[in-house]
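The values are calculated or read from the model by the stated rules, or taken from the named source; none is laboratory data. It should be emphasised that the depicted structure is a prediction, and the values quoted were computed from it without experimental measurement. Note that each Cβ is placed from the backbone with ideal geometry, even for glycine, and that neighbours are counted across all protein chains shown.
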Amino acid sequence: MNDLPDINVWLALVDKRHVHHATAAHYWFDTSVRSRAFCRITANGFLRLSSNANVLPNPLSPHEAWITYRQFLLLPTIRWLPEPPTLDDSYCALTCAPGFVHRLWTDAYMAAFAISSQCRLVSFDGDFNRFAGLDFLHLKTGV
């Protein structure tokens, strides 16, 4: 199985004081997952938010954020995924579906990316359940 973790999963992994760290660590050690991947939006989000004191109790400096991101990419089970050719069609279909909620543009992009890349999206955010055709693992703390 190939996974595309959401930004919230990457953030929980790097800060042991994060409210979701234990759940993210349990997911990290799941041996049934062949690989985990970054895409441009998760990489950018990780770099931006891991250095924000309003997001992480122990924020990284921008330099530390880059080092941590690059260390992830050096792991044999971490991949970098470019945008797939069918991304725009999937993205359009999700955002033009009846009932699309304006605040979910980025979530729709992530869902379309996962669908187009044939990955499972992994997140603490249950809003991803609304996207048809998405293989989604909703991580829940305390479950």
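Restricting to the stretch 86-143, name every residue that is small (Gly, Ala, Ser) and at negative phi. Within the stretch 86-143, 90, 93, 97, 108, 111, 112, 114, 116, 117, 123, 126, 132 meet the criteria. Close Cβ contacts (under 9 Å, 6 or more residues apart or on different chains) running from residues in the stretch 125-141 that are more than 16 Å from residue 102 (Cα to Cα) and in contact (Cβ under 8 Å) with a residue 60 or more places away in the chain to residues that are among the aromatic types (Phe, Trp, Tyr) and crowded, with 17+ Cβ neighbours inside 10 Å comprise 137/27; 139/27; 139/124; 140/124; 141/124. Take residue 117 and decide whether it is hydroxyl-bearing (Ser, Thr, Tyr), touching a His at 6+ places or on another chain (Cβ under 8 Å) and surrounded by 13 or more Cβ atoms within 10 Å (Cβ to Cβ). No: the conditions fail for residue 117. Of the helices (runs of 4 or more DSSP H) lying entirely inside the stretch 1-104, those carrying at least 3 residues that are of a type outside the set (Asp, Glu) and more than 19 Å from residue 125 (Cβ to Cβ) are 62-74, 87-95. Being in contact with an Asp or Glu (Cβ under 6 Å, 6 or more places away or on another chain), of a type outside the set (Gly, Ala, Ser) and modelled with pLDDT under 95 is a property that holds for residue 58.
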